[in-house]
Amino acid sequence: MHLKQNHMGILSKFSHYSLNHVLASLFFLLLLFGAIVGSARIVNAADLRTGAFTLTSTAQTETTVTLSWSQSTDVWFYSYTLYESTNVNGPYSVVMSTGNKGITSYGVSGLLSNTNYYFYVHDSGLLVNYNSNTLQVTTTSPPQLMMTSFDYSSASLAWTDYNTYSTLEPFVSYTLEMSSSGQSGPWSPVTSITDSSQNNYRQMGLFHQTYWFRLYDTVGPSNGMESSYSNVVNVTIPVAPAIVITASTTTLDAGQPVQFSSSTTGGLPPYSNYRWYSNGTAITGATSSSYVFTPNRSGTYYIKATVQDTLTIPVDSNQIPIVVNPLPIISISTSTSTLTVNQSAQFGSSTSGGVAPYNYRWYSNGNPIEGATSSSFIFIPTDAGIYNIYATVQDYYNGTASSNSIQITVTAPLAVNASTSTSAVTVGQLVQLSASADGGAPPYTYQWYLDGNPIAGANSSSYIFAPTSAGTYSIYATIQDNANDTVSSNAIQVTVADSPSSLPLTPMIIAAIVVIIIVIIAVSLLLRRSSRNKTQKTQGSVSENQPKA
């Protein structure tokens, strides 16, 4: 066709000449030149059909294909014509035609995604035409959008882009759109990405509802950009789990327990991976929904818990401050550790730590003393023995402590008994007295008294009384024990008579003495005579009884 048009043009140029033979000569020369050149082109065309003239694809997208071919070597080059079809056997339609020999690539646009296309290039010369190989190219699929993860306020998306790009059909952008009404929209763009290497995005600021997302990519030059949409994905944003903890008390003493419990709602059950924290540090072993906190030191502790649902995102609970007071400390004291029965000992206590008011309880040998519930206590034992006295204290938060123990030795009441071997003597005779002490708290200190007056030097448990004159004397002893208790013994009445040598020689006494002497002599003589007579009688009886010679 092009040849015919050229011939017609030549004839029209020479039609106004009148010399026909000139025209005929020129026409003959032109035919001869074409035959010579044409014979050479036929050889070259045969070479190109065997691979010298090749059509290739350098990039594919959903709607574009970038093609490239070998530059024509035809010195009589006229044009390139690019043909396209969806069937290898045609029909083919013209995509583009250019008379610029240096254009050896072209971006075909407006195609359908994931579709097979067939292309070839027709090289037209002034005298000879020939075609490239037929190239099959499959456009790519639209981008594949995926929901990779989500939490309680965001969703993460990723996509796969199957395209390859070229300078003729370059990458422009990815645009992510979102709808909260459904997969039919309306749609709102949430981001535009101009970096082809970025294939993920996280959408923040979401709420508890369902969202739909889609992506489209844009390719092509500024005067012919095209876009392809991905599939639609959706996500339902769950309500974030909420964990609330409570404590049985918020103020206690060291060593006391406080019970924590938790209540979890929302999120995506089941709940797991509970973790309790004290002042920001995880508590070893505290991994259940409840926890017993037993602080061993005073201070303020901030307790919280975390929990996870099926999204495995830890959620923090509220935080509860726990004020831990030091345990109360109590010590007791008394003025004495030794008593006698019915004596009293004053006990006092000193308490620190804990939180007032305090409650007290006193104990004797491990048994609570009835009525002894104040900070001081008067101990009055009614029986002798060893008593271990201590006290306990309980503060406002029920923290308890025991005091030191004080041993009290209680003896029987102090008593003393005075005795003597005789209570009647004469002047010059000695009276032995002794005092026997019992009870109280040895050792004892003695003092003897004569008629109510202390006897100088009489400070032992025995005393020898040597009266110098007749009369009746009252003698007793007092003792004092180690507890400074003093008692007096019974009083012993001692009667002292004058000795005989000390009687006065009155006439009556002398007469009495003479009479006594006479009586004694008379009795003595009578006894002697009676004895002689008995002897004589005895001798006479013996003589009578002897035989005569």
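Computed from the coordinates by the stated procedures, all read-outs in this text should not be read as laboratory data. All of these numbers come straight from a predicted model, not from anything done at the bench. Note: ideal-geometry Cβ built from the backbone for every residue, glycine included; neighbour counts use all protein chains shown.
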Give me the extension gain from residue 199 to residue 93: residue separation times 0.36 nm, minus the current Cα-Cα distance, reported in nm with one decimal.
34.5 nm
Report the calculated FRET efficiency for residue 133 and residue 249 (r = Cβ-Cβ distance, R0 = 60 Å), to the nearest 0.05.
0.10
Can you compute the FRET efficiency between residue 451 and residue 484 using 1/(1 + (r/R0)^6), with r the Cβ-Cβ distance and R0 = 35 Å? Round to the nearest 0.05.
0.85
Checking a compactness column here: for segment 242-325, what do you get for Rg(Cα) / (2.2 N^0.38 Å), N being the number of residues?
1.08
For segment 100-252, what's the radius of gyration and Dmax over Cα atoms, in angstrom?
24.3, 109
Which of 230, 349, 192 has the fewest other C-beta atoms within 10 Å, and how do the rest follow up to the most?
192, 349, 230
Using Cα centres only, tell me the gap between segment 54-87 and segment 383-439 in whole Å.
131
Quick calc: nm separation of the 7 Å Cα→Cβ label points for residue 56 and residue 183 -> 4.1
The farthest towards the positive end of the charge dipole of segment 131-254, of the residues 225, 196, 181, given +1 on Cβ of Lys and Arg and -1 on Cβ of Asp and Glu, is 181
Efficiency of FRET between residue 493 and residue 337 - r from beta-carbon atoms, R0 45 angstrom, step 0.05
0.65
The set of residues whose placed amide H lies less than 5 Å from the amide H of residue 347, leaving out same-chain residues fewer than 5 positions away, is 377, 378, 379
Can you give the net charge of the other residues whose Cβ lies under 15 Å from the Cβ of residue 235, counting K and R as +1 and D and E as -1?
0
Counting only residues 5 or more apart in sequence or on a different chain, those whose built amide H sits under 5 Å from that of residue 462 are 435
Hey, could you pull the Cα Rg and Dmax for segment 390-519, both in Å?
27.1, 108
Linear extension gain, residue 149 paired with residue 318, 0.36 nm per residue minus alpha-carbon span
58.2 nm
I need 433, 67, 145 ordered by Cβ neighbour count within 10 Å, fewest first.
145, 433, 67
Within segment 327-366, name every residue whose backbone N is under 16 Å away from a label modeled 7 Å from Cα of residue 438 along the Cβ vector.
341
Once you have the Cα-Cα distance between residue 392 and residue 288, take 0.36 nm times their residue separation minus that, and quote the gain in nm to one decimal.
33.8 nm
In whole angstrom, how far apart do the alpha carbon centroids of segment 148-184 and segment 460-493 sit?
122
Spelling out what I want: for every residue of segment 448-455, take phi, set θ = phi - 60°, compute 6.51 cos²θ - 1.76 cosθ + 1.60 (Karplus), and round to whole Hz; glycine and proline get x.
9, 10, 10, 6, x, 10, x, 8
Roughly how far apart, in whole Å, are the Cα centres of segment 101-116 and segment 279-320?
64
Phi-derived 3J(HN,Hα) across segment 417-423 with the Karplus relation (6.51, -1.76, 1.60, θ = phi - 60°), rounded Hz, x for Gly and Pro, is 10, 9, 8, 8, 7, 8, 10
From the P(r) of segment 329-411, could you give the percentage of C-alpha pairs in the tail past 15 Å?
53
Per residue of segment 426-441, in order, report the coupling 6.51 cos²θ - 1.76 cosθ + 1.60 (Karplus, θ = phi - 60°) as ³J(HN,Hα) in whole Hz, putting x for Gly and Pro.
9, 4, x, 7, 9, 10, 8, 10, 9, 10, 10, 9, 8, x, x, 10
Quick one: order 304, 101 by neighbouring beta-carbon count within 10 Å, fewest to most.
101, 304
